[in-house]
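Q: Take this structure first; my questions come after.
The values are calculated or read from the model by the stated rules, or taken from the named source; none is laboratory data. Here the structure is a predicted model, which is why all the values come from computation and not from measurement. Cβ coordinates were reconstructed from backbone atoms using ideal geometry, including for glycine residues, and neighbour counts include every protein chain displayed.
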Amino acid sequence: MPWNVFSPLRAPAATFVVCLLAGTASAQIAPPVPDPSSPPVAGVDAGTPAEPSGGQPWLTPAPERRPIMPAFKDLFAPLPGDFRGMFTGQNAMIATIGGSAALVGRHGDHSAATSGWGDEETYEPGNIVGNFAVQTGAAFLTYGIGRMTDSPRVALVGAELFRAQLVSQGTAQAIKFAASRTRPDGSDDHSFPSGHSASAFATATVLQKEFGWKAGIPAFAVAGWVAASRVQMQRHYLSDVIAGATVGILAGRSVTVGPRNARFSVDPMPVAGGIGVSFTRVAGK
């Protein structure tokens, strides 16, 4: 990227740096030693330098701000923006990749769903872990614990988990009824995409976004196990769980980008002689 794209900022930036260094240097200059023969100024200790009037605000650390406790309305009010966020920015690229992977996975749909692989006792609990009611209940419980213990951080994570479930399932169920794909076991025509996979991957994405990969790796491992269980139990095809995982990841990302009521879009921007990056803040979902 050519650096001359930032040339309009050089002069103000240089002026700011010079002023900052000048101010810092002046703050470190030792005060003159008072002449013992001079009479002391009234109200000022002769041995203590007077405090400069007005202080130096650029040297004063900003007070630590306490996170805002999410209200009950924050479980639902941001949902319209969360749904819109499913199909914007980098999410569009992830949706394209996930959709392409699901198309490729169709070639192994029947062989994966009918081969009878794996131990049923190992995968059967995935039906419970990935259940929408279980996932949503756990999210709401997390939010409630945060409120009861006066922990805004825990309450915020609970609210994001709760909204991620609503967004993932709202999207997955809409696709299910539009696709009307018969399940491998023939029980109904709601096979595509996997709702259990969507719920599990939505939770994993929120945990990874909030706590990093130390929490994300085990969370995604559990989500992958849930997805595998749906294929092993012949409730879904391989492409169903890939599509469900994609929906869950998109939902998790849509509720965790930016602080609460703000969203940020990162987009390429053509400039003279090269390319730049623009950061756009969209407030008020």
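Q: Any idea how many residues of the stretch 151-187 are farther than 17 Å from Pro80 by Cα and either touching a strand residue (DSSP E or B) at 6+ places or on another chain (Cβ under 8 Å) or among the aliphatic types (A, V, I, L, M) (or both)?
A: Qualifying residue count for the region: 7.
Q: Could you count how many residues in the stretch 77-132 are at pLDDT below 90 and within 24 Å of Leu161 (Cβ to Cβ)?
A: Total meeting the criteria: 4.
Q: Just the residues that are buried (at least 24 other Cβ atoms within 10 Å of the Cβ), assigned to a helix (DSSP H, G or I) and not small (Gly, Ala, Ser), please, taken from the stretch 209-237.
A: Result: Val226, Arg230, Val231.
Q: Could I ask something else about it? Mind checking which residues of the stretch 121-131 are part of a helix (DSSP H, G or I) and farther than 15 Å from Val241 by Cβ?
A: Glu121, Thr122, Ile128
Q: Which condition breaks for Pro61 when tested against (1) part of a helix (DSSP H, G or I); (2) modelled with pLDDT under 90?
A: Every condition holds for Pro61 apart from (1).
Q: Also, I was wondering about something else. When Ser151 is evaluated against the numbered criteria (1) farther than 21 Å from Ala245 by Cα; (2) modelled with pLDDT under 95, which criterion, by number, is the only one it fails?
A: Failing condition for Ser151: (2).
Q: Continuing with this model, one more query. So, in the stretch 238-284, of the ones that are among the hydroxyl-bearing types (Ser, Thr, Tyr) and modelled with pLDDT of 50 or more, which residue ends up surrounded by the most Cβ atoms within 10 Å (Cβ to Cβ)?
A: Filtering first and then ranking leaves Ser254.
Q: Anything in the stretch 146-158 that is outside any helix (DSSP H, G or I) and either surrounded by 24 or more Cβ atoms within 10 Å (Cβ to Cβ) or without any contact (Cβ under 8 Å) to a residue 40 or more places away in the chain (or both)? List them, or say none.
A: Of everything in the stretch 146-158, those that are outside any helix (DSSP H, G or I) and either surrounded by 24 or more Cβ atoms within 10 Å (Cβ to Cβ) or without any contact (Cβ under 8 Å) to a residue 40 or more places away in the chain (or both) turn out to be Thr149, Ser151.
Q: Restricting attention to the stretch 159-199, and to residues there that are in contact (Cβ under 8 Å) with a residue 40 or more places away in the chain, in a helix (DSSP H, G or I) and touching a Pro at 6+ places or on another chain (Cβ under 8 Å), which single residue is surrounded by the fewest Cβ atoms within 10 Å (Cβ to Cβ)?
A: Checking each candidate, the answer is Ile175.
Q: A further question follows. Taking the condition buried (at least 19 other Cβ atoms within 10 Å of the Cβ) and assigned to a helix (DSSP H, G or I), does Gln135 pass? If you could, list the steps in order and put the result at the bottom.
A: Details: buried (at least 19 other Cβ atoms within 10 Å of the Cβ): yes; assigned to a helix (DSSP H, G or I): yes.
So Gln135 passes the test.
Q: Is it true that Ala202 is at pLDDT 95 or above, crowded, with 23+ Cβ neighbours inside 10 Å and among the small types (Gly, Ala, Ser)?
A: So Ala202 fits the description; yes.
Q: When both residues are 6+ apart or on different chains and their Cβ atoms are under 8 Å apart, which pairs have a first residue that lies in the stretch 105-120 and is in a loop (DSSP other than H, G, I, E, B), and a second that is modelled with pLDDT of 85 or more?
A: Qualifying pairs under 8 Å: Trp117/Gln232; Gly118/Ala228; Gly118/Gln232.
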